Amino acid sequence: MRGCFDDYHTTTGRSVTMGDKGSVATAGVGTVVLDVIVHGKTRKIKLEKVLHVPTMGFNLISVGMMAERGAKVSCKEGNTIIKLKEKIAASGTRKNGLFHLDIALLSDIAAVASLQLWHERLWHVNVAGDMQMINNKYIDGLKCSAMAFKDVCEPCVYGKVAMTPMPSAGGCRVTKRLQLVHSDLGGPMSEPSRGGALCFGTFTDDFSCWTDVVFLQNKSHLLSEYKKWLTKAQMHTGTKIKILRSDNGGEYVSNAFKALHDENGTTHQTTVPDTP
C-alpha cells in the first residue's frame with residue numbers, strides 16, 4: 001500500500017505482467033523500509049525501486065530481483081532464509097502456499113517513539129504530563145525511545161495564542177441608508193450559471209442590511225453593473241451613496257471606478273486583508 005513507502009515517485013505507462021499473462025498498471029515506485037525479525041531481534045532492511053501496484057492483493061518480493069542484487073534465497077521445511085554477503089538479512093515462514101517474511105507488527109513499532117512524537121500524538125498535552133505518563137507507566141505498552149524535546153513546540157504556541165478581540169462597536173454608526181455600502185466580488189466559478197455568468201458581485205447597505213446580488217460573465221463587467229445598481233439605489237432611496245467599502249481588488253481600484261467616485265462625490269474605503 002502507498003503508506004509503506006519512505007520515498008515515492010509516480011509513474012506513467014509502466015505495468016507488471018501477472019500469472020495469467022494479463023498486465024496491471026503501476027502507480028509509482030519508491031523505497032520501502034521493513035522491520036524484519038531475525039533470531040528474535042528486529043532489524044531494518046531497505047528495498048529500493050519497489051513498484052506500487054494498487055490493484056495487487058499482496059505485497060510480493062521477487063526472488064529473481066533479489067538474486068540480481070546478490071542475495072541468496074534458500075527454502076527448507078517450510079522456512080525461507082534470505083542472505084546478503086553470507087549474513088541473514090531476513091527470514092520467513094510458509095503460509096497458504098506463500099512464504100511470508102517475519103515482520104514486526106506495526107503496533108509494536110508504533111509503541112516506541114520519542115517524547116516529542118508522543119507529545120504530538122497525545123494532542124499536545126503538556127510535556128510534564130507526557131513524562132508522568134511514561135515514567136509511571138499509566139499507559140500499557142507506551143515506550144519512549146528518547147526524552148529529547150524541542151525548546152518550542154510551534155503548534156502549542158499557535159494553539160495558546162489569542163487574537164485581540166474585535167470591538168463590539170467602534171466609531172460612528174451610520175444613521176441613514178447609503179451612508180455606507182459594502183461590496184465584494186466572487187468567482188470565477190467552475191461552472192457557469194444558466195445565464196452564462198461565472199462571477200457575481202454583492203452590494204450591502206450597512207444601515208438596512210439590504211443586499212443586492214448581480215451576476216457577471218467576468219469580473220471586468222463589475223463597473224457597468226455597479227452603475228446600474230447605483231442609479232436604482234439612489235433613485236429608490238432619494239439619497240446619494242456616501243461611502244463604498246470593498247477590498248483592494250483590481251476591479252475596485254481601477255481608474256474608471258475612481259473617476260465614477262469623483263463624479264458622484266463618493267468616498268472609497270478599502271479593507272485590510274483577512275479581516276471582517
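Helix 222-237 and the longest principal axis of the C-alpha atoms of the chain enclose an angle of approximately 50°.
When the chain is treated as a Gaussian network with alpha carbon springs shorter than 10 Å, the biggest mean-square fluctuation among ALA259, ALA113, ALA25 belongs to ALA259.
Ranked by how many other Cβ atoms sit within 10 Å of their own Cβ, fewest first, the residues HIS236, HIS52 fall in the order HIS236, HIS52.
Loop-located trypsin sites (Lys or Arg not before Pro) in the stretch 175-276 (DSSP state other than H, G, I, E, B) with a sparse environment of at most 14 neighbouring Cβ atoms within 10 Å: LYS176, ARG194, LYS240. Listed values [x] 27, 23, 18; [y] 67, 31, 14; [z] 24, 23, 19 include one computed from this model; for semi-axes √(5λ) of the Cα gyration tensor in Å that value carries the label [y]. On a 0 to 90 degree scale, rounded to 10, what angle separates helix 255-264 from the longest Cα axis of the chain? Computed tilt is about 30 degrees. Students often get this wrong: which residues of the stretch 19-52 have the backbone nitrogen under 14 Å from the point 7 angstrom along Cα-to-C-beta of ASN79? Taking a point 7 Å out along Cα→Cβ of ASN79, the residues of the stretch 19-52 whose backbone N falls under 14 Å are 37-41. For the stretch 192-205, backbone phi angles converted through the Karplus equation (6.51, -1.76, 1.60; θ = phi - 60°) give residue-by-residue couplings of x, 6, 5, x, x, 7, 10, 10, 8, x, 10, 10, 10, 7 Hz, Gly and Pro being listed as x. Close amide H partners of VAL38, meaning residues 5 or more places away or on another chain with modelled amide H under 5 Å apart, are ARG43. Given +1 at the Cβ of Lys and Arg, -1 at the Cβ of Asp and Glu and no other charges, the dipole of the chain around its Cα centre is 620 debye to the nearest 20. Here the Gaussian network model covers the chain, with springs between Cα atoms less than 10 Å apart; of GLY57, GLY159, GLY141, GLY57 fluctuates the most. A dipole drawn for the chain from +1 and -1 charges on Cβ atoms has a positive end, and of GLY70, THR55, ALA27 the residue lying farthest that way is GLY70.
Just name one of PHE207, CYS153, THR10: the one whose Cα is farthest towards the positive end of the charge dipole of the chain (beta-carbon charges, Lys/Arg +1, Asp/Glu -1). Among PHE207, CYS153, THR10, the one farthest towards the positive end of the dipole of the chain is THR10.
Classify the stretch 111-160: rounded, prolate or oblate, from the alpha-carbon gyration tensor (a ≥ b ≥ c, eigenvalue square roots; a/c under 1.5 rounded; otherwise prolate if a/b is larger than b/c)? Prolate, since a/c reaches 1.5 and a/b exceeds b/c.
With a cut-off of 9 Å between beta carbons, the residues surrounding THR239 carry a summed charge of +4, where Lys and Arg count +1 and Asp and Glu -1.
None of the figures in this text is laboratory data; all of them are computed from the coordinates on show. None of the values given here were measured: they were computed from a predicted structure. Glycine also receives a Cβ, built like all others from the backbone with ideal geometry; neighbour counts cover every protein chain displayed.
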